[in-house]
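The values are calculated or read from the model by the stated rules, or taken from the named source; none is laboratory data. Everything numeric in this text was worked out from a predicted model, so none of it was measured. Don't worry about glycine lacking a Cβ; one is built from the backbone with ideal geometry, like all the others, and counts go over all protein chains shown. The protein model used for the area step is the full one, side chains on, heavy atoms only, and it has no ligands, DNA or RNA in it. Shrake-Rupley method; radii C 1.70, N 1.55, O 1.52, S 1.80 Å.
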Amino acid sequence: VVNYAVRFVGNPYRWGGTNPNTGADCSGFVQYVYGQMGVSLPHYSGAQATVGRAVGSLADAQPGDIIANAQHAAIYVGNGMVINSQLNGTRYDPIAWVFPSSYSIRRIF
């Protein structure tokens, strides 16, 4: 998942977008990447925060897990970092920066 997602770093943000080649929002980016892996996800971060299996803590998170809450969705890459689409485009960011409050960690594979 991560190896595929990183190819979109630097691509533009687009509200409501679902294709990172032309612009995607946060949940559209996660939806698209997982779709390319054969997994159908909803296009809403709050719904993405409920898919798959819950992971109890960041210490147990693995690259490729979804990090999401009602405001944002991202893909965990490891070492406290995520890849996500936001107003500045698709990029790497620290979890603490994009999720200043609570979030859910979800494992699909």
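Some points to look at:
- Of all residues making up the stretch 41-70, the number that are part of a helix (DSSP H, G or I) and either without any contact (Cβ under 8 Å) to a residue 24 or more places away in the chain or aliphatic (A, V, I, L, M) (or both): 3
- Close pairs from the stretch 11-22: first at positive phi, partner assigned to a loop (DSSP other than H, G, I, E, B), Cβ under 9 Å, at least 6 apart: G16/D25; G16/H43
- Positions within the stretch 53-70 being closer than 16 Å to L41 by Cα and open to solvent by 70 Å² or more (accessible area, probe 1.4 Å), in sequence order: R53, A54
- Screening D25, D60, D65 for residues that are over 12 Å from the mean Cα position of the chain (by Cα) and among the charged types (D, E, K, R) leaves exactly one candidate, D60.
- The set of residues in the stretch 73-108 being part of a loop (DSSP other than H, G, I, E, B) and open to solvent by 30 Å² or more (accessible area, probe 1.4 Å) consists of N79, L87, N88, P100, S101, S102, Y103, I108.
- Filtered residue count, the stretch 5-52, keeping only those that are surrounded by fewer than 20 Cβ atoms within 10 Å (Cβ to Cβ), among the polar types (S, T, N, Q) and within 16 Å of S85 (Cα to Cα): 5
- Sub-7 Å Cβ pairs linking a first residue in the stretch 72-94 that is on the phi > 0 side of the Ramachandran plot to a second residue that is assigned to a strand (DSSP E or B), at least 6 apart or interchain, are G80/P94; G89/Y13, ordered by first then second residue.
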